[in-house]
Amino acid sequence: MPLTRKELINGFITFFKLKKHKQIINASLIPENDPTVLFTTAGMHPLVPYILGQDHPQGKRLVNVQKCIRTGDIDLVGDTYHHTFFEMLGNWSLGDYWKTESHHDSFSLLTRGFKVPVDKLAVTFFAGDKNAPRDEESAEIWKHLGIKRIGFVKDDNWWGPAGETGPCGPDVEIMYWVSKMPVPEKYNPNDKNWVEIKTDVLMEYNKTKDGKFESMKRKVIDVGMGVERTLAVLQGIKDDYMTEIFKPAIKEVEYLSEKRYGFNQDITKAMRIITDHIRAAVFILAEGIEPSNLEQGYVLRRLIRRAIRYGKKINVEGNFCKKLAKVFIKYYGDYPNLRSKESFILDQLEKEEIRFKETLDKGLKEFVKMSKDKKIDGKEAFLLYQSYGFPFEMTKELAKEKGVSINEEEFRKELESHKELSRTATKGRFKSGLADHSDKTRKLHTAAHLLVSALKYVLKQDIHQKGSNITPERLRFDFNFPRKLTEQETEKVENRVNDLINKGLVVIKEEMSINEAKKRGAHGDFSHKYSGKVSVYTICEKGKDVYSCEICAGPHVNNIKELGTLKITKQESVGAGTRRIKAILI
Ligand code: ALA
(Lines give C-alpha, C1' and ligand atoms only; values in the text may rest on other atoms or scores of the structure.)
Protein backbone atom coordinates (compact mmCIF):
# COMPACT_ATOMS: atom_id res chain seq x y z
CA MET A 1 0.00 0.00 0.00
CA PRO A 2 1.46 3.33 -0.93
CA LEU A 3 1.62 5.92 1.80
CA THR A 4 -1.33 8.33 1.88
CA ARG A 5 -1.21 12.05 2.67
CA LYS A 6 -2.86 11.44 6.02
CA GLU A 7 -0.43 8.66 6.88
CA LEU A 8 2.48 10.91 6.00
CA ILE A 9 1.19 13.73 8.21
CA ASN A 10 0.22 11.46 11.08
CA GLY A 11 3.49 9.54 10.81
CA PHE A 12 5.53 12.71 11.09
CA ILE A 13 3.55 14.14 13.97
CA THR A 14 3.43 10.90 15.91
CA PHE A 15 7.17 10.42 15.50
CA PHE A 16 7.91 13.78 17.07
CA LYS A 17 5.25 13.44 19.72
CA LEU A 18 7.04 10.30 20.82
CA LYS A 19 10.14 12.47 21.04
CA LYS A 20 8.35 14.72 23.53
CA HIS A 21 7.22 17.38 21.06
CA LYS A 22 3.88 19.11 21.56
CA GLN A 23 1.60 19.51 18.58
CA ILE A 24 0.84 23.14 17.88
CA ILE A 25 -1.96 24.73 15.94
CA ASN A 26 -2.10 24.78 12.14
CA ALA A 27 -2.28 28.58 12.10
CA SER A 28 -4.33 30.79 9.83
CA LEU A 29 -3.01 31.47 6.33
CA ILE A 30 -3.29 35.16 7.13
CA PRO A 31 -0.45 36.22 9.44
CA GLU A 32 -1.91 37.66 12.56
CA ASN A 33 0.64 40.17 13.55
CA ASP A 34 2.97 40.67 10.68
CA PRO A 35 2.71 43.71 8.48
CA THR A 36 5.24 42.64 5.93
CA VAL A 37 3.87 39.52 4.32
CA LEU A 38 0.41 38.66 3.07
CA PHE A 39 0.36 34.97 3.85
CA THR A 40 1.90 32.45 6.17
CA THR A 41 4.87 31.26 4.12
CA ALA A 42 6.39 28.55 6.29
CA GLY A 43 5.72 26.59 9.45
CA MET A 44 8.17 28.83 11.28
CA HIS A 45 6.33 31.98 10.31
CA PRO A 46 3.70 32.03 13.08
CA LEU A 47 6.50 31.09 15.49
CA VAL A 48 8.76 34.09 14.89
CA PRO A 49 8.10 35.73 18.29
CA TYR A 50 9.07 32.46 19.97
CA ILE A 51 12.09 31.94 17.77
CA LEU A 52 13.24 35.41 18.77
CA GLY A 53 13.05 34.58 22.46
CA GLN A 54 9.49 34.66 23.81
CA ASP A 55 8.51 31.48 25.75
CA HIS A 56 6.07 29.29 23.88
CA PRO A 57 3.13 28.15 26.01
CA GLN A 58 3.66 24.58 24.89
CA GLY A 59 7.32 24.36 25.61
CA LYS A 60 10.54 24.03 23.69
CA ARG A 61 9.77 21.07 21.44
CA LEU A 62 7.03 21.63 18.91
CA VAL A 63 5.59 19.85 15.90
CA ASN A 64 2.80 20.53 13.42
CA VAL A 65 1.53 20.60 9.90
CA GLN A 66 1.07 24.15 8.63
CA LYS A 67 -0.83 25.43 5.62
CA CYS A 68 1.30 27.87 3.63
CA ILE A 69 1.06 30.09 0.58
CA ARG A 70 4.04 31.35 -1.39
CA THR A 71 2.99 34.05 -3.81
CA GLY A 72 6.54 34.23 -5.14
CA ASP A 73 6.02 30.79 -6.65
CA ILE A 74 2.81 31.55 -8.59
CA ASP A 75 4.63 32.00 -11.88
CA LEU A 76 6.66 28.84 -11.36
CA VAL A 77 3.58 26.66 -11.09
CA GLY A 78 3.27 24.43 -14.13
CA ASP A 79 6.19 22.10 -13.50
CA THR A 80 5.98 18.89 -11.48
CA TYR A 81 6.60 20.29 -8.02
CA HIS A 82 5.84 23.99 -7.54
CA HIS A 83 2.67 24.98 -5.72
CA THR A 84 1.14 28.23 -4.53
CA PHE A 85 -0.52 26.54 -1.56
CA PHE A 86 1.14 23.66 0.22
CA GLU A 87 1.29 21.99 3.59
CA MET A 88 4.51 21.92 5.53
CA LEU A 89 5.38 19.43 8.21
CA GLY A 90 7.59 21.01 10.82
CA ASN A 91 9.37 20.33 14.06
CA TRP A 92 11.17 22.80 16.27
CA SER A 93 13.57 22.99 19.13
CA LEU A 94 13.41 26.41 20.77
CA GLY A 95 16.73 26.44 22.55
CA ASP A 96 16.43 22.79 23.52
CA TYR A 97 18.22 20.11 21.46
CA TRP A 98 20.72 21.11 18.82
CA LYS A 99 22.53 19.47 15.93
CA THR A 100 23.24 15.96 17.22
CA GLU A 101 19.73 15.13 18.33
CA SER A 102 18.11 16.91 15.40
CA HIS A 103 20.19 15.05 12.80
CA HIS A 104 19.66 11.71 14.52
CA ASP A 105 15.89 12.29 14.60
CA SER A 106 15.83 13.38 10.98
CA PHE A 107 17.72 10.25 9.91
CA SER A 108 15.56 8.01 12.03
CA LEU A 109 12.29 9.55 10.80
CA LEU A 110 13.20 8.93 7.18
CA THR A 111 14.94 5.57 7.36
CA ARG A 112 12.95 3.90 10.15
CA GLY A 113 9.71 5.86 10.14
CA PHE A 114 9.21 6.12 6.41
CA LYS A 115 11.51 3.21 5.47
CA VAL A 116 13.57 5.19 2.99
CA PRO A 117 16.65 3.15 1.98
CA VAL A 118 19.77 4.90 3.31
CA ASP A 119 21.40 4.40 -0.05
CA LYS A 120 18.87 6.62 -1.79
CA LEU A 121 19.73 9.62 0.34
CA ALA A 122 22.29 12.38 -0.03
CA VAL A 123 22.72 15.26 2.39
CA THR A 124 24.08 18.73 1.72
CA PHE A 125 25.63 21.24 4.12
CA PHE A 126 26.53 24.89 4.25
CA ALA A 127 29.93 25.52 2.68
CA GLY A 128 30.69 28.66 4.70
CA ASP A 129 31.02 32.33 3.80
CA LYS A 130 31.99 35.59 5.45
CA ASN A 131 28.99 35.49 7.79
CA ALA A 132 29.04 31.92 9.02
CA PRO A 133 31.48 29.00 9.07
CA ARG A 134 31.36 25.78 7.06
CA ASP A 135 29.12 23.25 8.78
CA GLU A 136 31.61 20.38 9.20
CA GLU A 137 29.97 19.42 12.47
CA SER A 138 26.67 18.46 10.84
CA ALA A 139 28.45 16.64 8.01
CA GLU A 140 30.37 14.51 10.54
CA ILE A 141 27.14 13.54 12.28
CA TRP A 142 25.45 12.45 9.05
CA LYS A 143 28.53 10.55 7.88
CA HIS A 144 28.55 8.76 11.17
CA LEU A 145 24.91 7.83 10.62
CA GLY A 146 25.91 6.08 7.41
CA ILE A 147 25.26 8.69 4.71
CA LYS A 148 27.87 8.30 1.99
CA ARG A 149 26.82 10.98 -0.45
CA ILE A 150 27.31 14.46 0.84
CA GLY A 151 27.80 17.89 -0.65
CA PHE A 152 28.83 21.32 0.54
CA VAL A 153 26.85 24.14 -1.03
CA LYS A 154 26.96 27.86 -0.36
CA ASP A 155 23.81 29.73 -1.28
CA ASP A 156 21.29 26.91 -1.30
CA ASN A 157 22.26 25.70 2.14
CA TRP A 158 21.27 28.87 3.90
CA TRP A 159 17.68 29.54 4.90
CA GLY A 160 16.05 32.82 5.68
CA PRO A 161 15.31 35.33 6.77
CA ALA A 162 11.82 35.08 5.34
CA GLY A 163 11.81 38.86 4.77
CA GLU A 164 14.81 41.15 4.89
CA THR A 165 15.41 40.75 8.59
CA GLY A 166 14.80 37.99 11.12
CA PRO A 167 15.91 34.51 12.10
CA CYS A 168 18.10 32.61 9.66
CA GLY A 169 20.99 30.21 9.49
CA PRO A 170 22.74 27.44 7.64
CA ASP A 171 20.64 24.44 6.75
CA VAL A 172 20.98 20.76 6.07
CA GLU A 173 19.08 19.55 3.03
CA ILE A 174 18.10 15.95 2.57
CA MET A 175 17.98 14.81 -1.03
CA TYR A 176 16.26 11.73 -2.35
CA TRP A 177 17.27 9.81 -5.50
CA VAL A 178 14.05 9.58 -7.53
CA SER A 179 15.29 7.77 -10.63
CA LYS A 180 15.07 4.04 -11.36
CA MET A 181 18.70 4.24 -12.52
CA PRO A 182 21.32 3.06 -10.03
CA VAL A 183 22.27 5.71 -7.48
CA PRO A 184 25.55 7.34 -8.57
CA GLU A 185 28.63 7.03 -6.37
CA LYS A 186 28.76 10.74 -5.69
CA TYR A 187 26.19 13.45 -5.06
CA ASN A 188 25.99 15.90 -7.95
CA PRO A 189 24.01 19.11 -7.29
CA ASN A 190 23.22 19.48 -10.99
CA ASP A 191 21.62 16.06 -11.33
CA LYS A 192 17.85 16.61 -11.37
CA ASN A 193 17.23 13.12 -10.04
CA TRP A 194 18.25 14.36 -6.61
CA VAL A 195 15.12 15.94 -5.17
CA GLU A 196 15.15 17.85 -1.90
CA ILE A 197 12.60 16.48 0.53
CA LYS A 198 13.54 18.04 3.83
CA THR A 199 15.19 21.20 5.10
CA ASP A 200 16.63 21.27 8.60
CA VAL A 201 17.49 24.87 9.43
CA LEU A 202 20.03 25.53 12.17
CA MET A 203 18.88 28.98 13.20
CA GLU A 204 21.67 30.75 14.98
CA TYR A 205 21.45 34.24 13.55
CA ASN A 206 19.12 37.18 13.44
CA LYS A 207 19.73 39.33 10.39
CA THR A 208 19.35 42.97 11.37
CA LYS A 209 18.24 45.97 9.29
CA ASP A 210 21.82 47.02 8.64
CA GLY A 211 22.62 43.60 7.21
CA LYS A 212 24.48 42.22 10.22
CA PHE A 213 24.14 38.66 11.44
CA GLU A 214 23.73 38.74 15.21
CA SER A 215 23.88 35.53 17.19
CA MET A 216 20.41 34.72 18.55
CA LYS A 217 19.79 34.47 22.27
CA ARG A 218 19.08 30.81 21.92
CA LYS A 219 19.67 28.45 19.04
CA VAL A 220 16.65 27.11 17.24
CA ILE A 221 16.10 24.07 15.05
CA ASP A 222 13.48 24.72 12.35
CA VAL A 223 12.65 21.73 10.20
CA GLY A 224 10.36 21.82 7.21
CA MET A 225 9.13 19.02 4.97
CA GLY A 226 6.62 19.72 2.21
CA VAL A 227 3.71 17.30 2.18
CA GLU A 228 3.06 17.36 -1.58
CA ARG A 229 6.58 16.70 -2.70
CA THR A 230 7.45 14.19 0.01
CA LEU A 231 4.32 12.23 -0.71
CA ALA A 232 5.17 12.02 -4.41
CA VAL A 233 8.76 11.02 -3.74
CA LEU A 234 7.93 8.38 -1.15
CA GLN A 235 5.35 6.90 -3.51
CA GLY A 236 7.87 6.81 -6.34
CA ILE A 237 5.81 9.27 -8.40
CA LYS A 238 7.79 11.92 -10.26
CA ASP A 239 4.96 14.40 -10.53
CA ASP A 240 3.17 15.87 -7.47
CA TYR A 241 0.06 16.35 -9.60
CA MET A 242 -0.26 12.61 -10.02
CA THR A 243 -0.58 11.94 -6.29
CA GLU A 244 -3.90 11.47 -4.54
CA ILE A 245 -3.89 15.18 -3.62
CA PHE A 246 -4.37 16.44 -7.16
CA LYS A 247 -5.52 13.41 -9.12
CA PRO A 248 -9.26 13.80 -8.53
CA ALA A 249 -9.08 17.47 -9.57
CA ILE A 250 -6.96 16.68 -12.64
CA LYS A 251 -9.55 14.04 -13.60
CA GLU A 252 -12.28 16.65 -13.32
CA VAL A 253 -10.37 19.04 -15.59
CA GLU A 254 -9.82 16.20 -18.08
CA TYR A 255 -13.54 15.58 -18.08
CA LEU A 256 -14.44 19.24 -18.49
CA SER A 257 -11.87 19.97 -21.20
CA GLU A 258 -12.09 16.61 -22.97
CA LYS A 259 -8.33 16.53 -22.99
CA ARG A 260 -5.85 14.15 -21.43
CA TYR A 261 -3.29 15.15 -18.83
CA GLY A 262 0.15 14.35 -20.19
CA PHE A 263 -1.00 14.58 -23.82
CA ASN A 264 1.39 17.44 -24.46
CA GLN A 265 3.30 20.00 -22.44
CA ASP A 266 0.82 22.82 -22.90
CA ILE A 267 -2.16 20.80 -21.74
CA THR A 268 -0.26 19.36 -18.80
CA LYS A 269 1.00 22.78 -17.72
CA ALA A 270 -2.46 24.31 -18.01
CA MET A 271 -4.01 21.54 -15.91
CA ARG A 272 -1.39 21.97 -13.22
CA ILE A 273 -1.92 25.72 -13.08
CA ILE A 274 -5.69 25.36 -12.96
CA THR A 275 -5.73 22.80 -10.17
CA ASP A 276 -2.99 24.51 -8.16
CA HIS A 277 -4.63 27.92 -8.34
CA ILE A 278 -8.14 26.76 -7.54
CA ARG A 279 -6.87 24.77 -4.57
CA ALA A 280 -5.03 27.85 -3.25
CA ALA A 281 -8.10 30.00 -3.91
CA VAL A 282 -10.28 27.60 -1.91
CA PHE A 283 -7.99 27.89 1.11
CA ILE A 284 -7.74 31.69 0.87
CA LEU A 285 -11.52 32.00 0.55
CA ALA A 286 -11.89 29.75 3.58
CA GLU A 287 -10.17 32.52 5.57
CA GLY A 288 -13.06 34.81 4.65
CA ILE A 289 -11.07 36.80 2.06
CA GLU A 290 -12.95 37.97 -1.04
CA PRO A 291 -11.47 38.74 -4.46
CA SER A 292 -10.52 42.42 -4.64
CA ASN A 293 -7.74 44.71 -5.81
CA LEU A 294 -6.12 44.86 -2.42
CA GLU A 295 -3.62 42.69 -0.63
CA GLN A 296 -4.74 39.07 -0.10
CA GLY A 297 -7.88 39.74 -2.11
CA TYR A 298 -5.74 40.73 -5.06
CA VAL A 299 -3.67 37.54 -4.89
CA LEU A 300 -6.90 35.58 -4.72
CA ARG A 301 -8.26 37.42 -7.76
CA ARG A 302 -5.02 36.87 -9.62
CA LEU A 303 -5.12 33.13 -8.94
CA ILE A 304 -8.75 32.68 -9.95
CA ARG A 305 -8.37 34.75 -13.10
CA ARG A 306 -5.18 33.01 -14.16
CA ALA A 307 -6.89 29.64 -13.68
CA ILE A 308 -9.76 30.89 -15.86
CA ARG A 309 -7.42 32.02 -18.61
CA TYR A 310 -5.71 28.61 -18.63
CA GLY A 311 -9.13 26.97 -18.61
CA LYS A 312 -9.89 28.90 -21.77
CA LYS A 313 -6.62 27.78 -23.31
CA ILE A 314 -7.63 24.15 -23.05
CA ASN A 315 -11.26 24.83 -23.97
CA VAL A 316 -12.92 24.04 -20.68
CA GLU A 317 -16.61 24.55 -21.35
CA GLY A 318 -18.71 26.62 -19.00
CA ASN A 319 -17.94 27.81 -15.51
CA PHE A 320 -15.62 25.38 -13.81
CA CYS A 321 -14.06 26.97 -10.72
CA LYS A 322 -16.87 25.86 -8.47
CA LYS A 323 -16.75 22.30 -9.75
CA LEU A 324 -13.06 21.99 -9.03
CA ALA A 325 -13.42 23.65 -5.65
CA LYS A 326 -15.92 20.99 -4.65
CA VAL A 327 -13.37 18.29 -5.41
CA PHE A 328 -10.82 19.89 -3.07
CA ILE A 329 -13.35 20.62 -0.34
CA LYS A 330 -14.27 16.94 -0.37
CA TYR A 331 -10.66 15.79 -0.38
CA TYR A 332 -9.54 18.02 2.50
CA GLY A 333 -12.03 16.66 5.00
CA ASP A 334 -9.47 17.29 7.74
CA TYR A 335 -9.97 21.05 7.32
CA PRO A 336 -13.47 21.56 8.70
CA ASN A 337 -13.43 25.26 7.76
CA LEU A 338 -13.59 24.33 4.08
CA ARG A 339 -16.89 22.58 4.73
CA SER A 340 -18.31 25.23 6.99
CA LYS A 341 -17.40 27.96 4.49
CA GLU A 342 -18.39 25.89 1.46
CA SER A 343 -21.27 28.05 0.27
CA PHE A 344 -19.20 31.24 0.63
CA ILE A 345 -16.28 29.67 -1.25
CA LEU A 346 -18.44 28.39 -4.12
CA ASP A 347 -20.42 31.57 -4.33
CA GLN A 348 -17.38 33.81 -4.50
CA LEU A 349 -15.72 31.64 -7.11
CA GLU A 350 -18.78 31.66 -9.29
CA LYS A 351 -19.22 35.42 -9.02
CA GLU A 352 -15.59 36.07 -9.86
CA GLU A 353 -15.71 33.69 -12.81
CA ILE A 354 -18.84 35.31 -14.22
CA ARG A 355 -17.38 38.78 -13.64
CA PHE A 356 -14.09 38.02 -15.35
CA LYS A 357 -15.58 36.15 -18.27
CA GLU A 358 -17.60 39.23 -19.16
CA THR A 359 -14.40 41.09 -20.02
CA LEU A 360 -11.83 38.37 -20.77
CA ASP A 361 -12.52 37.97 -24.50
CA LYS A 362 -12.72 41.69 -25.14
CA GLY A 363 -9.58 42.26 -23.10
CA LEU A 364 -7.70 39.62 -25.07
CA LYS A 365 -8.74 41.29 -28.33
CA GLU A 366 -7.63 44.63 -26.92
CA PHE A 367 -4.31 43.08 -25.95
CA VAL A 368 -3.75 41.89 -29.53
CA LYS A 369 -4.49 45.37 -30.85
CA MET A 370 -2.21 47.04 -28.33
CA SER A 371 0.68 44.71 -28.95
CA LYS A 372 0.88 45.21 -32.71
CA ASP A 373 3.96 47.39 -32.16
CA LYS A 374 5.43 44.69 -29.90
CA LYS A 375 5.16 47.07 -26.94
CA ILE A 376 2.67 47.57 -24.15
CA ASP A 377 3.06 50.86 -22.36
CA GLY A 378 1.95 51.73 -18.85
CA LYS A 379 -1.35 53.29 -19.90
CA GLU A 380 -2.30 50.28 -22.00
CA ALA A 381 -1.47 47.83 -19.22
CA PHE A 382 -3.50 50.01 -16.87
CA LEU A 383 -6.47 49.98 -19.22
CA LEU A 384 -6.35 46.17 -19.30
CA TYR A 385 -6.20 46.20 -15.51
CA GLN A 386 -8.89 48.75 -14.94
CA SER A 387 -11.42 48.10 -17.69
CA TYR A 388 -10.88 44.44 -18.50
CA GLY A 389 -9.88 43.15 -15.07
CA PHE A 390 -6.50 41.78 -16.11
CA PRO A 391 -4.25 41.48 -13.08
CA PHE A 392 -0.96 43.09 -14.11
CA GLU A 393 0.87 39.79 -13.76
CA MET A 394 -1.49 38.28 -16.31
CA THR A 395 -0.75 40.99 -18.86
CA LYS A 396 2.93 40.48 -18.17
CA GLU A 397 2.59 36.75 -18.75
CA LEU A 398 0.63 37.30 -21.97
CA ALA A 399 3.29 39.74 -23.15
CA LYS A 400 6.01 37.20 -22.42
CA GLU A 401 4.17 34.49 -24.34
CA LYS A 402 3.86 36.75 -27.38
CA GLY A 403 7.33 38.25 -27.22
CA VAL A 404 5.95 41.70 -26.43
CA SER A 405 7.77 44.09 -24.10
CA ILE A 406 5.92 45.74 -21.26
CA ASN A 407 6.69 48.88 -19.31
CA GLU A 408 6.17 47.88 -15.69
CA GLU A 409 7.46 51.09 -14.18
CA GLU A 410 5.04 53.17 -16.19
CA PHE A 411 2.19 50.88 -15.18
CA ARG A 412 3.06 51.33 -11.50
CA LYS A 413 3.06 55.09 -11.92
CA GLU A 414 -0.27 54.94 -13.67
CA LEU A 415 -1.65 52.81 -10.85
CA GLU A 416 -0.39 55.25 -8.25
CA SER A 417 -1.80 58.23 -10.09
CA HIS A 418 -5.19 56.55 -10.07
CA LYS A 419 -4.83 56.14 -6.36
CA GLU A 420 -5.27 52.41 -6.62
CA LEU A 421 -3.36 51.59 -3.52
CA SER A 422 -2.77 48.04 -4.55
CA ARG A 423 0.22 47.64 -2.33
CA THR A 424 0.28 43.98 -3.10
CA ALA A 425 1.25 44.78 -6.61
CA THR A 426 4.20 46.85 -5.54
CA LYS A 427 7.37 44.98 -5.12
CA GLY A 428 8.43 46.58 -1.86
CA ARG A 429 5.76 44.65 -0.10
CA PHE A 430 7.73 41.47 0.13
CA LYS A 431 11.03 43.07 0.88
CA SER A 432 10.81 44.43 4.36
CA GLY A 433 11.60 42.40 7.43
CA LEU A 434 9.45 39.63 8.78
CA ALA A 435 7.62 40.26 12.02
CA ASP A 436 8.10 43.49 13.77
CA HIS A 437 7.74 43.09 17.50
CA SER A 438 8.48 46.56 18.74
CA ASP A 439 6.61 48.14 21.65
CA LYS A 440 4.63 50.18 19.16
CA THR A 441 3.23 47.19 17.29
CA ARG A 442 2.57 45.41 20.57
CA LYS A 443 0.44 48.33 21.74
CA LEU A 444 -1.44 48.56 18.45
CA HIS A 445 -2.06 44.84 18.58
CA THR A 446 -3.74 45.15 21.96
CA ALA A 447 -5.62 48.19 20.67
CA ALA A 448 -6.98 46.04 17.84
CA HIS A 449 -8.52 43.68 20.43
CA LEU A 450 -10.18 46.63 22.14
CA LEU A 451 -11.38 47.90 18.80
CA VAL A 452 -13.29 44.67 18.05
CA SER A 453 -14.83 44.85 21.46
CA ALA A 454 -15.89 48.48 20.94
CA LEU A 455 -17.27 47.79 17.46
CA LYS A 456 -19.45 45.04 18.87
CA TYR A 457 -20.60 47.29 21.65
CA VAL A 458 -21.45 50.25 19.45
CA LEU A 459 -22.79 48.45 16.38
CA LYS A 460 -24.63 45.81 18.45
CA GLN A 461 -23.65 43.12 16.05
CA ASP A 462 -21.32 40.15 16.01
CA ILE A 463 -18.18 41.64 14.55
CA HIS A 464 -15.34 39.41 13.53
CA GLN A 465 -11.95 40.09 12.12
CA LYS A 466 -11.52 39.52 8.40
CA GLY A 467 -7.94 40.67 8.28
CA SER A 468 -5.50 42.71 10.27
CA ASN A 469 -2.23 44.37 9.61
CA ILE A 470 -0.13 46.22 12.09
CA THR A 471 2.91 48.38 11.50
CA PRO A 472 4.65 50.48 14.16
CA GLU A 473 2.71 53.48 12.81
CA ARG A 474 -0.87 52.28 12.68
CA LEU A 475 -3.26 49.39 12.91
CA ARG A 476 -5.47 48.30 10.11
CA PHE A 477 -8.47 46.17 10.80
CA ASP A 478 -10.97 44.57 8.41
CA PHE A 479 -14.30 43.35 9.71
CA ASN A 480 -17.75 42.28 8.61
CA PHE A 481 -19.99 45.29 8.26
CA PRO A 482 -21.99 46.40 5.25
CA ARG A 483 -21.61 50.18 5.34
CA LYS A 484 -19.55 53.14 6.44
CA LEU A 485 -19.74 53.97 10.13
CA THR A 486 -21.44 57.31 10.72
CA GLU A 487 -19.48 60.09 12.36
CA GLN A 488 -21.34 59.48 15.58
CA GLU A 489 -20.64 55.77 15.49
CA THR A 490 -16.98 56.40 14.82
CA GLU A 491 -16.78 58.73 17.75
CA LYS A 492 -18.59 56.29 19.99
CA VAL A 493 -16.16 53.52 19.03
CA GLU A 494 -13.18 55.74 19.79
CA ASN A 495 -14.69 56.81 23.10
CA ARG A 496 -15.46 53.28 24.08
CA VAL A 497 -11.88 52.14 23.42
CA ASN A 498 -10.47 55.13 25.26
CA ASP A 499 -12.79 54.62 28.23
CA LEU A 500 -11.57 51.06 28.48
CA ILE A 501 -7.95 52.21 28.24
CA ASN A 502 -8.58 54.63 31.09
CA LYS A 503 -9.82 51.83 33.26
CA GLY A 504 -6.24 50.55 33.26
CA LEU A 505 -7.16 46.89 32.93
CA VAL A 506 -4.65 44.08 32.98
CA VAL A 507 -4.28 41.82 29.93
CA ILE A 508 -4.46 38.26 31.17
CA LYS A 509 -2.74 35.52 29.25
CA GLU A 510 -3.79 31.92 29.84
CA GLU A 511 -3.13 28.62 28.15
CA MET A 512 -5.97 26.19 27.60
CA SER A 513 -7.33 23.63 25.18
CA ILE A 514 -9.24 24.86 22.18
CA ASN A 515 -12.43 23.41 23.67
CA GLU A 516 -11.97 25.29 26.90
CA ALA A 517 -11.33 28.43 24.87
CA LYS A 518 -14.55 27.84 22.95
CA LYS A 519 -16.48 27.34 26.17
CA ARG A 520 -15.01 30.55 27.44
CA GLY A 521 -16.46 32.29 24.40
CA ALA A 522 -13.04 33.22 23.06
CA HIS A 523 -12.83 34.44 19.50
CA GLY A 524 -10.34 33.02 17.11
CA ASP A 525 -9.55 30.52 14.49
CA PHE A 526 -11.36 27.24 15.11
CA SER A 527 -10.67 26.02 11.62
CA HIS A 528 -8.58 23.04 12.57
CA LYS A 529 -8.93 19.81 14.42
CA TYR A 530 -6.55 20.45 17.18
CA SER A 531 -5.91 18.94 20.57
CA GLY A 532 -3.05 21.04 21.88
CA LYS A 533 -3.14 24.21 23.93
CA VAL A 534 -3.67 27.75 22.74
CA SER A 535 -3.01 31.14 24.32
CA VAL A 536 -6.08 33.13 25.24
CA TYR A 537 -5.79 36.84 26.01
CA THR A 538 -8.55 38.31 28.16
CA ILE A 539 -9.23 41.90 29.08
CA CYS A 540 -11.80 42.16 31.85
CA GLU A 541 -12.72 43.86 35.05
CA LYS A 542 -12.26 41.60 38.07
CA GLY A 543 -15.45 39.66 38.61
CA LYS A 544 -17.22 41.91 36.13
CA ASP A 545 -17.52 42.37 32.39
CA VAL A 546 -15.26 40.63 29.94
CA TYR A 547 -14.34 43.15 27.26
CA SER A 548 -12.20 40.98 25.10
CA CYS A 549 -11.31 37.31 24.98
CA GLU A 550 -9.35 36.07 22.00
CA ILE A 551 -7.21 33.17 20.94
CA CYS A 552 -4.04 34.88 19.85
CA ALA A 553 -0.30 34.32 19.72
CA GLY A 554 0.37 37.76 21.15
CA PRO A 555 2.40 39.60 22.15
CA HIS A 556 0.32 42.15 24.07
CA VAL A 557 0.91 44.87 26.63
CA ASN A 558 0.54 43.99 30.31
CA ASN A 559 -1.85 46.80 31.14
CA ILE A 560 -3.96 48.66 28.61
CA LYS A 561 -3.26 51.98 30.29
CA GLU A 562 0.04 51.88 28.37
CA LEU A 563 -1.83 52.46 25.12
CA GLY A 564 -2.55 56.18 25.33
CA THR A 565 -5.45 57.32 23.14
CA LEU A 566 -6.90 55.66 20.08
CA LYS A 567 -7.85 57.69 17.04
CA ILE A 568 -9.57 56.30 13.96
CA THR A 569 -7.88 57.88 10.96
CA LYS A 570 -9.53 56.24 8.00
CA GLN A 571 -12.41 54.08 6.87
CA GLU A 572 -12.83 52.33 3.57
CA SER A 573 -14.62 49.45 1.94
CA VAL A 574 -12.73 46.33 0.93
CA GLY A 575 -15.19 44.29 -1.05
CA ALA A 576 -18.86 43.80 -0.35
CA GLY A 577 -19.67 43.41 3.29
CA THR A 578 -16.20 44.20 4.57
CA ARG A 579 -15.05 47.47 6.08
CA ARG A 580 -11.54 48.58 6.86
CA ILE A 581 -10.55 50.87 9.69
CA LYS A 582 -7.17 52.41 10.21
CA ALA A 583 -6.30 53.77 13.62
CA ILE A 584 -3.36 55.18 15.50
CA LEU A 585 -2.39 55.60 19.14
CA ILE A 586 -1.48 59.09 20.25
N1 ALA B 1 11.73 27.21 7.36
C2 ALA B 1 12.24 26.20 6.51
C3 ALA B 1 11.54 26.17 5.17
O4 ALA B 1 10.63 26.93 4.95
C5 ALA B 1 12.17 24.88 7.17
O6 ALA B 1 11.92 25.42 4.32
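The values are calculated or read from the model by the stated rules, or taken from the named source; none is laboratory data. All values derive from a computational prediction rather than experimental measurement. In this analysis, Cβ positions are derived from the backbone assuming ideal geometry, glycine residues included, and neighbour counts consider all displayed protein chains.
For the stretch 41-66, which positions are in contact (Cβ under 8 Å) with a residue 40 or more places away in the chain and part of a loop (DSSP other than H, G, I, E, B)? Residues satisfying the conditions are THR41, ALA42, GLY43, MET44, LEU52, GLY53, GLN54, PRO57, GLN58. The condition of being in contact (Cβ under 8 Å) with a residue 60 or more places away in the chain, surrounded by fewer than 21 Cβ atoms within 10 Å (Cβ to Cβ) and within 24 Å of ALA286 (Cβ to Cβ) holds for only one of ASP75, ASP79, that being ASP75.
Looking for whichever is under 20 Å from the mean Cα position of the chain (by Cα), in the same structural domain as LYS120 (by TED's automatic domain parsing), free of Cβ contacts under 8 Å to residues at least 60 places away in the same chain and under 19 Å from VAL48 (Cβ atoms) here; the options are THR208, THR199. Which one fits? Criteria check complete, one pass: THR199.
The condition (being small (Gly, Ala, Ser) and under 27 Å from the mean Cα position of the chain (by Cα)) is satisfied by just one residue among GLY378, GLY403, GLY389: GLY389. With respect to being more than 26 Å from PRO133 (Cβ to Cβ) and within 16 Å of the ligand (Cβ to nearest atom), VAL201 falls outside the description. For the stretch 226-246, residues that are more than 23 Å from the chain's Cα centre (by Cα) and modelled with pLDDT of 95 or more total 1. Kindly establish whether ASP129 is more than 16 Å from the ligand (Cβ to nearest atom) and free of Cβ contacts under 8 Å to residues at least 12 places away in the same chain. For ASP129, the condition - more than 16 Å from the ligand (Cβ to nearest atom) and free of Cβ contacts under 8 Å to residues at least 12 places away in the same chain - is not met. Do you know which of the residues in the stretch 388-420 that are at pLDDT 90 or above and among the polar types (S, T, N, Q) is nearest to ALA307 (Cα to Cα)? Top of the filtered list is THR395.
Scanning the stretch 211-228 for residues that are aliphatic (A, V, I, L, M) and assigned to a strand (DSSP E or B), which turns out nearest to the ligand (Cβ to nearest atom)?
Top of the filtered list is VAL223.
For the stretch 558-584, a residue qualifies if it is of a type in the set (Lys, Arg) and touching a helix residue (DSSP H, G or I) at 6+ places or on another chain (Cβ under 9 Å), and the qualifying residues are LYS561, LYS567.
Restricting attention to the stretch 229-251 and to residues that are within 16 Å of the ligand (Cβ to nearest atom) and among the β-branched types (Val, Ile, Thr), the residue that is surrounded by the fewest Cβ atoms within 10 Å (Cβ to Cβ) turns out to be VAL233.
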